[in-house]
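First comes the structure, then the notes that go with it.
The values are calculated or read from the model by the stated rules, or taken from the named source; none is laboratory data. Every value quoted in this text rests on a predicted model; they were computed, and no experiment measured them. For neighbour counting, all protein chains shown are included, and Cβ atoms are generated from backbone atoms with ideal geometry for every residue, glycine included.
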Amino acid sequence: MKKTLLSLSNLTKQFDGKTVLDSLNLDIYDGEFITLLGPSGCGKTTLLRLMAGFEHADAGTITLSGEDLTGTPPEHRPLNTVFQHYALFPHMSVFDNVAYGLKMEKRPKEEIRERVEEALAMVQLQDYMRRKPHQLSGGQQQRVAIARAVVKRPRLLLLDEPLSALDYKLRRTMQVELKRLQRELGITFVFVTHDQEEALSMSDRVVVLKDGVVQQLGTPREVYERPANLFTARFVGETNFFPGEVESIHDGAITVDVFGLKRTLRRPDFPVREGQPLHVLLRPEDIRVLDPADEQGVAGKIVERNYKGSTLDSVIHLDDGTEVLASEFFDEDDPAFDYRLGEPVKVSWVDGWEWLLPEEADEPVHEDALTDA
Amino acid sequence: MTRWLPRAYLVLVYLLLYVPIGVLVVFSFNDSRSGYTWGGLSLRWYQSLFNNNAMVEAMWNSLWLALSAATVSTIIGALTALALHRYRFRGKKVLNGMLFVVMMSPEIVLAISLLALFLLVGIQLGYVSLLLAHVTFCLPFVVITVMARLSGFDESLPEAARDLGASDFTMTRTVLIPVIMPALLAGWLLGFTLSLDDVVVSTFVSGPSYEILPLRIYSMVRVGLKPEVNALGTLLLVFSLVMLMLSQWILTRSKR
């Protein structure tokens with residue numbers, strides 16, 4: 001059974017009359033790696049700052065294993081933060097930076113030295129103790145910031161887009177390293193990012209935020225394969241949206257008309273009625289590109305091809321103008337597999353790989369419906 | 001062909017800047033009484049300078065005044081800058097604007113108004129009135145220097161300190177002040193030099209009980225220039241060079 005460590009209830013925060021968080025509820029489990037994911041301005045950083053105590057909520061409470069933290073100043077909260085731009089103290093050596101939190105606790109000198117050395121060894125920086133922050137590379141500064149935050153053995157570590165200032169390769173390395181640290185330390189990580197790939201690859205659970213409201217909370221797989229709404233579907237990964245219409249309803253299945261194809265699909269969780277328009281979502285890797293002579297599928301032609309090394313990504317224009325993204329793995333039997341631009345093809349998918357979502361008020365299935373309303 | 005032109009121009013500029021100072025230094029060692037003829041090397045003007053009790057006293061007065069005015073204005077200025085930087089409060093814009101008013105208004109206006117104020121309130125003209133006046137005109141420079149430093153200050157540093165368990169006071173002592181130290185030093189030095197060579201305001205608000213160097217020199221010049229002044233000028237030049245080097249040394253050390 002998962003134990004709740006930090007519980008946020010009905011958190012509301014406004015800045016100059018603009019609602020940034022709207023009575024948000026979230027339970028964070030002990031020992032998990034949870035990611036707050038969303039575009040800039042979605043409230044993820046504000047949420048983190050509320051947890052750290054740098055901002056005060058207009059309403060709602062924050063409790064840490066049953067203890068109310070809502071009015072506690074940051075220095076008395078048993079959690080630490082890794083800042084986006086590291087926030088290392090420029091006038092102190094690496095050692096003094098990491099020792100700062102322990103000195104505040106008035107620990108004995110010997111203990112401070114031991115624990116700082118241990119924390120720096122953990123991030124492989126034990127040889128840099130005497131350096132000043134500006135003598136380190138970005139990645140090294142990042143690791144000092146992490147060591148400084150974990151040396152106090154917090155219950156919870158808050159990370160505010162900690163990898164956004166690093167280059168791609170270093171980012172990948174740090175992602176792996178952060179995961180390793182989290183496993184070894186057993187500390188709960190709350191990670192903020194706008195990078196969906198990072199969120200999917202690192203987290204146990206992902207919170208998708210938009211306009212201060214939780215859009216979806218689930219495992220990376222759930223968020224990617226079963227998005228709760230169109231926003232999540234669009235924000236996390238690439239998605240093709242096909243307009244569909246319910247033809248008939250059976251037990252556990254429905255027949256949907258997509259581009260004139262009648263496909264029998266799994267019945268979705270939301271209520272359906274005959275004639276109802278709905279979105280049929282397909283990830284590029286779920287798309288099958290078929291020979292134009294094939295009986296099933298929708299006709300179109302290749303307008304773009306993109307060699308990606310392990311996959312061949314293509315853009316297909318269907319005859320009605322819909323654009324479809326397809327991503328196909330190379331087949332060992334056919335290493336020369338490729339498309340010509342303008343080549344006629346047919347598009348289909350494997351039954352059961354689609355995901356259905358209902359219409360949303362501002363996003364009807366058929367775009368012309370918007371003007372009617 | 002035209003390559004020598006910019007160089008010649010540069011040389012000319014430097015000559016204009018430094019020749020008068022060079023002449024002053026050289027003539028401070030001149031044995032001759034006249035300011036135009038060279039009478040051999042001598043330290044007699046330095047000797048007569050140090051025998052001139054009124055002059056030496058004025059020098060100490062000036063140094064003490066500059067020291068205290070710079071220190072007081074740095075303390076008040078740093079706190080003002082912090083308040084302007086950190087908090088939003090009623091009258092913030094007015095306060096900000098007033099600093100510029102003090103800085104931009106003609107010195108003579110400041111001098112007259114300060115004199116009127118001191119007479120009205122009944123402050124004896126002397127050290128206290130000089131100190132108050134000097135702090136007044138040094139203050140905006142300190143505030144602006146510190147504000148400039150604070151504007152480039154990473155706002156997450158105080159948060160990081162609080163996050164690691166420091167109270168607001170401890171954070172200020174261990175993080176904020178050390179980080180803005182170069183600006184505090186620069187502001188202090190600026191105040192020090194401004195105070196040391198001020199004539200206009202000082203003329204109005206000083207009294208017979210406390211004579212300061214610029215006024216002393218000014219009164220000496222009126223009765224005829226004595227080469228003693230050259231010696232004094234040279235000493236002040238050396239002093240300010242030492243101060244400058246000291247501040248540079250402190251700044252480069254703090255960066256490391």
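Of all residues in segment A:136-146, which are among the aliphatic types (A, V, I, L, M) and more than 12 Å from every other protein chain (Cβ to nearest Cβ)?
A:LEU136, A:ILE146
Could you check segment A:173-204 and list, in sequence order, the residues that are under 9 Å from the mean Cα position of the chain (by Cα) and either polar (S, T, N, Q) or in a strand (DSSP E or B) (or both)?
Within segment A:173-204, A:VAL192, A:THR193, A:GLN196, A:SER201, A:SER203 meet the criteria.
Just checking, how many residues over segment B:164-177 are out of contact with any helix residue (DSSP H, G or I) (no Cβ under 8 Å at 6 or more places or on another chain) and either facing chain A (nearest Cβ under 7 Å) or among the aromatic types (Phe, Trp, Tyr) (or both)?
Result for segment B:164-177: 1.
How many of the residues making up segment B:160-178 are buried (at least 21 other Cβ atoms within 10 Å of the Cβ) and among the hydrophobic types (A, V, I, L, M, F, W, C)? Let's see the steps before the verdict.
Restricting attention to segment B:160-178, the residues satisfying the condition of being buried (at least 21 other Cβ atoms within 10 Å of the Cβ) are B:160-166, B:171, B:175.
Imposing the further condition that a residue be among the hydrophobic types (A, V, I, L, M, F, W, C) reduces the set to B:160-161, B:164, B:166, B:171, B:175.
Summing the residues that are buried (at least 21 other Cβ atoms within 10 Å of the Cβ) and among the hydrophobic types (A, V, I, L, M, F, W, C) in segment B:160-178 gives 6.
So that you can scan it fast, the table gives a plain yes or no per residue for (1) under 30 Å from A:ILE28 (Cβ atoms); (2) of a type outside the set (Val, Ile, Thr); (3) touching a helix residue (DSSP H, G or I) at 6+ places or on another chain (Cβ under 9 Å); (4) not in a strand (DSSP E or B):
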| residue | (1), (2), (3), (4) |
| --- | --- |
| A:PRO243 | no, yes, no, no |
| A:ASP257 | no, yes, no, no |
| A:LYS262 | no, yes, no, no |
| A:PRO271 | no, yes, no, yes |
| A:LEU281 | yes, yes, yes, no |
| A:GLY300 | no, yes, no, no |
| A:ASN306 | no, yes, no, no |
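Quick one: how many residues across segment B:80-103 are under 19 Å from B:VAL135 (Cα atoms) and in contact with a helix residue (DSSP H, G or I) (Cβ under 9 Å, 6 or more places away or on another chain)?
Count: 13.
Working only within segment A:234-254, note down all residues that are of a type in the set (S, T, N, Q) and surrounded by fewer than 18 Cβ atoms within 10 Å (Cβ to Cβ). Give the steps one after another, and end with the answer.
Taking segment A:234-254 as the starting set, the residues that turn out to be of a type in the set (S, T, N, Q) are A:239-240, A:248.
Passing the criteria: only A:SER248.
Residue-by-condition table, conditions (1) at pLDDT 90 or above; (2) surrounded by 13 or more Cβ atoms within 10 Å (Cβ to Cβ):
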{"residue": "B:ALA8", "(1), (2)": "yes, no"}
{"residue": "B:VAL13", "(1), (2)": "yes, no"}
{"residue": "B:PRO20", "(1), (2)": "no, no"}
{"residue": "B:PHE27", "(1), (2)": "no, yes"}
{"residue": "B:ASN30", "(1), (2)": "no, yes"}
{"residue": "B:SER34", "(1), (2)": "no, no"}
{"residue": "B:SER42", "(1), (2)": "no, yes"}
{"residue": "B:TRP45", "(1), (2)": "no, yes"}
{"residue": "B:ASN52", "(1), (2)": "no, yes"}
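Which number in (1) touching a Leu at 6+ places or on another chain (Cβ under 9 Å); (2) away from every other protein chain (no Cβ under 14 Å) marks the one condition that A:ASP68 misses?
Going through (1) touching a Leu at 6+ places or on another chain (Cβ under 9 Å); (2) away from every other protein chain (no Cβ under 14 Å) one by one, A:ASP68 breaks only (1).
For segment B:200-210, name all the residues that are assigned to a loop (DSSP other than H, G, I, E, B), in contact with a Leu (Cβ under 7 Å, 6 or more places away or on another chain) and not aromatic (Phe, Trp, Tyr).
Within segment B:200-210, B:SER206, B:GLY207 qualify.
Taking the conditions exactly as written (in the same structural domain as B:ASN61 (by the TED database), surrounded by fewer than 17 Cβ atoms within 10 Å (Cβ to Cβ) and at pLDDT below 90), does B:LEU244 satisfy them or not?
So B:LEU244 passes the test.
Name the single residue, out of those in segment A:77-113 being within 17 Å of A:VAL123 (Cβ to Cβ) and among the charged types (D, E, K, R), that is nearest to the other protein chains (Cβ to nearest Cβ).
The extreme case among them is A:ASP96.
Please specify each residue of segment B:119-163 satisfying the condition of being more than 23 Å from the chain's Cα centre (by Cα), more than 14 Å from chain A (Cβ to nearest Cβ) and part of a helix (DSSP H, G or I).
B:LEU119, B:LEU120, B:VAL121, B:SER151 - these are the residues of segment B:119-163 that are more than 23 Å from the chain's Cα centre (by Cα), more than 14 Å from chain A (Cβ to nearest Cβ) and part of a helix (DSSP H, G or I).
Going by the structure shown, is B:ARG216 among the basic types (Lys, Arg) and either free of Cβ contacts under 8 Å to residues at least 12 places away in the same chain or closer than 30 Å to A:VAL144 by Cα (or both)?
Taking the combined requirement at face value, the residue does not satisfy it.
Could you check how many residues of segment B:221-234 are in contact (Cβ under 8 Å) with a residue 12 or more places away in the chain and either within 16 Å of the chain's Cα centre (by Cα) or in a helix (DSSP H, G or I) (or both)?
Result for segment B:221-234: 7.
Test B:PHE153 against the criterion of being buried (at least 19 other Cβ atoms within 10 Å of the Cβ) and of a type in the set (Phe, Trp, Tyr), and give yes or no.
Working: buried (at least 19 other Cβ atoms within 10 Å of the Cβ): no; of a type in the set (Phe, Trp, Tyr): yes.
Criteria not met by B:PHE153.
Which of the residues that make up segment A:79-91 are closer than 13 Å to B:ALA161 by Cβ and in contact with a Pro (Cβ under 8 Å, 6 or more places away or on another chain)?
Listed by number, the residues that qualify are A:ASN80, A:PHE83, A:LEU88, A:PHE89, A:PRO90, A:HIS91.
Specify which of the listed residues (A:ASP313, A:ASP257, A:ASP319, A:ASP286) is touching a strand residue (DSSP E or B) at 6+ places or on another chain (Cβ under 7 Å) and surrounded by 18 or more Cβ atoms within 10 Å (Cβ to Cβ).
On inspection, the qualifying residue turns out to be A:ASP286.
Just to verify a result, which residue in segment A:141-153, among those that are outside any helix (DSSP H, G or I) and surrounded by 20 or more Cβ atoms within 10 Å (Cβ to Cβ), is modelled with the lowest pLDDT?
Going through the qualifying residues, I end up with A:LYS152.
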